Amino acid sequence: MGRPDPEEGQLPAPVKPPDGGWGWIVLLGCFVITGFSYAFPKAVSVYFKELMKDFHVGYSDTAWISSIMLAMLYGTGPVCSIMVNQFGCRPVMLIGGLLASAGMILASFTTNIIELYLTAGVLTGLGMALNFQPSLIMLGTYFDKRRPLANGLAAAGSPVFLSSLSPLGQVLLEKFGWRGGFLIMGGLLLNCCTCGAVMRPLDMGMKRKMGKAQDKYEAKEMLPIGGKSEEGISTTDGTKKGKKAKKKPKKGKKLLDFSIFSNRGFIIYTISKFILVLGLFVPPILLVNYAKDTGVPDTEAAFLLSIIGFIDIFARPACGMVAGLKWVRPHVAYLFSFSMLFNGLTDICSARASNYTGLVIFCVFFGISYGMVGALQFEVLMAIVGSQKFSSAIGLVLLIEAFAVLIGPPSAGRLVDALKNYEVIFYLAGSEVVLSALFLGVASYCCLNRGKKEPPPENNPSAGGGSDTEEAESDVQEAEERSSDNHQPAHSTDNAVVAANEEPNHVAEEQRGEGGGCPAGDGEVLARDGCNADQMVERDSF
């Protein structure tokens, strides 16, 4: 009935996310990818002392390995978006898994620190980046109603892998040395290829078959019973083949969609995330040294990070469940703002903690708030831009965050060296996080009120509801394709239909089969006579 077909150069009709089924396997793959992407750069730090001895370098030189990994993870966002839009998620993830593994394997044969930067830093970091973004895109494709829960469960991979990769790296270092440990870690990263293999796109073929079956069923219902109905069906199919030859191929999808910068919600989100990242990672980086300076033993100081990780494991899925509630999801941007405010106030209130008990309390509340931020950050972005533009949006956001990552923690370290005072750093980091929370909440509220007062209702990016945004975008695209098809001459196909069968019912069936015989404004009566509901929705969207 005039449905766009991918084989005809048209955009495929949007497939409803299954919210389960194979999506749970995709979620498991995203859990593993998220764990490797965020935990691996931190877990590599257990090898730094041995690297310092073998290569005769300082701690700051070896720390650049983790920094380069994170810079590649964030800074190559646009490159990953272009590759995903051009080749799809699965091929990009398979290539990324091979690059990440090859980087660590080659690093085990290096002879100087520069070679380590190029292999373990650049190559492995690029491979993990090519896995991280596509996994999040596929997660948004398979989940809609349960997407907040899915994002929370996938984000839990970071603390789980951090708590397991660090002890594993220590064991490998003691038994095989750093070269053997790098080699085995490279083998573990091949699991990214397995995760990429399960990221199959939603089946479009089944939807096309269902559409063709529905066309034939409607033709049988509207035409006389007997041989004439079959003749009308064949005529309708023949007409569609004639139209297929006339349709012009549609232009390909943009490799990187910069039109998202016209979305006020995206601009607000990007600015708030930049301010957030300036101070979010500072407290956990300086926590151990801060505890040691207050007189806490080394083992107990290191255990503080384990407390944060343990709380984080449960905080992320729990926050995802809360964000998925019907009365919370439309306001998920405000929940994200609250989580950032909670995290910033935790930093400020704990700046004067002078004993181990106070630091433990800080770790508990920091773990809860940090888990909430991690569970909601990508859910809010999906709700703002929708799934069709998410691949471009996340690449641009990560690129902007890369600058904040390179500014925040290093600047905090220099301030500590200059002031010899951790209290000021905690105040500063907490103030940055609070500022980002207030900016997101106030700016989103103002945009929401302004959007409600405007007569033409537009997609409100800050109000959540990613499913509504996705449906509206797909409806507009389908309507544009069908309107262009209706302007094309169809006299030859009409004559062929009349010549094949002169029955009036068959001519009426031909008009319904082309999908262009429903004048606008006839309402529900025409919907019962042959126009499907999708066409009515598409006209209303204009």
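The values are calculated or read from the model by the stated rules, or taken from the named source; none is laboratory data. What you see is a predicted model, and the numbers here were worked out from it, not measured in a lab. Accessible surface areas use protein heavy atoms only, side chains included; no ligands, DNA or RNA. Shrake-Rupley method; radii C 1.70, N 1.55, O 1.52, S 1.80 Å.
Under a 1.4 angstrom probe, counting protein chains only, how are Arg146, Arg179 ranked by accessible area, largest first?
Details: Arg146 115, Arg179 90 Å².
From most exposed to least exposed: Arg146, Arg179.
Quick one: in segment 16-222, what % of C-alpha pairs are over 28 Å apart? Please list the in-between numbers first.
Details: 7257 of 21321 pairs.
The share of Cα pairs beyond 28 Å in segment 16-222 comes to 34 percent.
Below 8 Å, C-alpha to C-alpha, sequence gap of six or more: please give me the relative contact order for segment 299-394 in percent.
42 percent
Which whole-number percentage describes the relative contact order of segment 8-135, with Cα contacts under 8 Å and a sequence gap of 6 or more?
Details: 132 pairs, mean separation 41.3, N = 128.
Over segment 8-135, the number comes to 32 percent.
Going through the cross-link list Lys53/Lys420; Lys42/Lys389; Lys49/Lys420, which pairs have a Cα-Cα distance over 26 Å in this structure?
Pairs exceeding 26 Å: Lys53/Lys420; Lys42/Lys389.
Just how much of Asp417 is accessible, in Å², when a 1.4 Å probe is used and the result is rounded to the nearest 10?
For Asp417, solvent-accessible area is about 100 Å².
For Glu300, what accessible surface area do you get with a 1.4 Å probe? Give it in Å², rounded to 10.
Approximately 80 Å² for this residue.
Please tell me the relative contact order of segment 258-450 in percent, rounded to the nearest whole number, where contacts are Cα pairs under 8 Å and at least six residues apart.
43 percent
With a Cα-only, solvent-free Debye model of segment 271-419, what are the log10 I(q)/I(0) values at q = 0.10, 0.13, 0.21 Å⁻¹?
-0.40, -0.65, -1.36
Taking every pair of Cα atoms in segment 337-441, average 1/r, invert it to obtain the Kirkwood radius, and report Rg/Rh to two decimals. Kindly include the intermediate steps, with their values, before the conclusion.
Values: Rg = 15.8 Å, Rh = 15.2 Å.
Rounded to two decimals, Rg/Rh equals 1.03.
At a temperature of 37 °C and a viscosity of 0.692 mPa s, determine how fast segment 268-318 diffuses translationally according to Stokes-Einstein, using the Kirkwood radius over alpha-carbon pairs as Rh; express D in µm²/s, rounded to the nearest whole number. Intermediate results must be reported in sequence, preceding the final value.
Numbers: Rh = 12.7 Å.
After rounding, the answer is 258 µm²/s.
Kirkwood hydrodynamic radius for segment 391-450: how many Å is it when counted over pairs of different Cα atoms?
One decimal place: 13.8 Å for the Kirkwood radius.
Using a 1.4 Å probe, how large is the accessible area of Asp293, given in Å² and rounded to the nearest 10?
About 110 Å², rounded to the nearest 10.
Measuring with a 1.4 Å probe in the full set of protein chains, what accessible area per residue, in whole Å², belongs to segment 46-106?
Result: 44 Å² of accessible area for each residue.
Taking all protein chains together and a probe of 1.4 Å, list Ile113, Ile260 from the most accessible to the least accessible.
Details: Ile113 25, Ile260 5 Å².
The ranking, largest first, comes out as Ile113, Ile260.
Leaving ligands, DNA and RNA out of it, rank Tyr47, Tyr445 by accessible area with a 1.4 Å probe, largest first.
Numbers: Tyr47 0, Tyr445 125 Å².
Most to least solvent-accessible, the answer reads Tyr445, Tyr47.
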